[in-house]
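Note sheet for the following structure.
The values are calculated or read from the model by the stated rules, or taken from the named source; none is laboratory data. In this text the structure is predicted, and so the values were computed from the model without any measurement. Please note: Cβ atoms are built from the backbone with ideal geometry, for glycine as well, and neighbour counts cover all protein chains shown. Just so you know, the surface numbers come from the protein's heavy atoms only, side chains and all, with ligands and any DNA or RNA stripped out. Shrake-Rupley method; radii C 1.70, N 1.55, O 1.52, S 1.80 Å.
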Amino acid sequence: MEWSVLQDFEMVLGVPHMVQQMMSAESTPVLSGVIPSFKMFMSHWEKLSQEHPLLTNIIAIGLDWAYKYYGRMDHTKAYIIAMLINPSIHLSWIKKHWDLKYIEDAEQKICQT
């Protein structure tokens with residue numbers, strides 16, 4: 001039983017570990033990669049929770065904190081500006097993955113800055 005629980009934790013903690021490894025593998029990690037990577041991490045946990053309902057309680061606690069942190073990024077211009085000035089991203093990721101309300105907010109923050 002204990003090994004089974006440890007395997008569950010390994011599966012759950014493997015997701016943020018994968019994202020962290022991906023970010024640290026870049027020769028020059030940049031702030032513009034944080035939002036897409038963080039979103040990918042949350043999406044993987046959401047999917048894992050659906051595929052393994054027994055893990056939902058464990059994952060839900062982490063997702064609550066992730067959602068709070070992700071929400072704080074909405075109020076931080078640095079992430080949006082970093083994505084804007086990255087020539088490979090500009091606003092393409094934001095326009096593809098965010099709702100119109102958040103896109104307009106990002107554009108307003110860019111104009112203010």
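So, R0 is 41 Å and r is the distance between the beta-carbons of Asp74 and Ser4; what FRET efficiency does that work out to, to 0.05? Walk me through the intermediate numbers first.
Values: r = 38 Å, r/R0 = 0.93.
The pair Asp74/Ser4 has a calculated efficiency of 0.60.
Can you pick out the pairs among Lys39/Lys101; Lys39/Lys77; Lys39/Lys95; Lys68/Lys96; Lys39/Lys68 whose Cα atoms lie more than 19 Å from each other?
Going by Cα-Cα distance, Lys68/Lys96 fall outside the 19 Å limit.
Select from the chain the helices, each a whole stretch of DSSP H, whose alpha-carbon atoms run 24 Å or more along the helix axis and whose Kyte-Doolittle mean is at least -0.5; answer none if there are none.
Correct list, ordered by number: 2-25, 34-51, 56-74.
In Å², what does the accessible area per residue of the range 55-113 work out to with a 1.4 Å probe? It would help to have the intermediate numbers written out before the result.
Working: 3940 Å² over 59 residues.
Spelled out: the 1.4 Å probe surface of the range 55-113, per residue, equals 67 Å².
Based on the alpha-carbon gyration tensor of the range 50-111, what equivalent-ellipsoid semi-axes (square roots of 5 times the eigenvalues) come out, in whole Å, largest first?
Over the Cα atoms of the range 50-111, the ellipsoid semi-axes are 29, 13, 11 Å.
Taking only DSSP H segments of four or more residues, each worth -39500 (n - 2.57), what value at 222 nm results for the chain once the sum is divided by all its residues, to the nearest 500 deg cm²/dmol?
Numbers: 6 runs with 89 residues, N = 113.
Estimated from H runs of four or more residues: -25500 deg cm²/dmol.
For the range 10-71, what does the relative contact order come out to in percent, with C-alpha contacts under 8 Å and a separation of six or more?
Details: 28 pairs, mean separation 21.0, N = 62.
Relative contact order comes out at 34 percent.
To the nearest 10 square angstrom, how much accessible area does Val34 have with a 1.4 angstrom probe?
Rounded to the nearest 10, that gives 40 Å².
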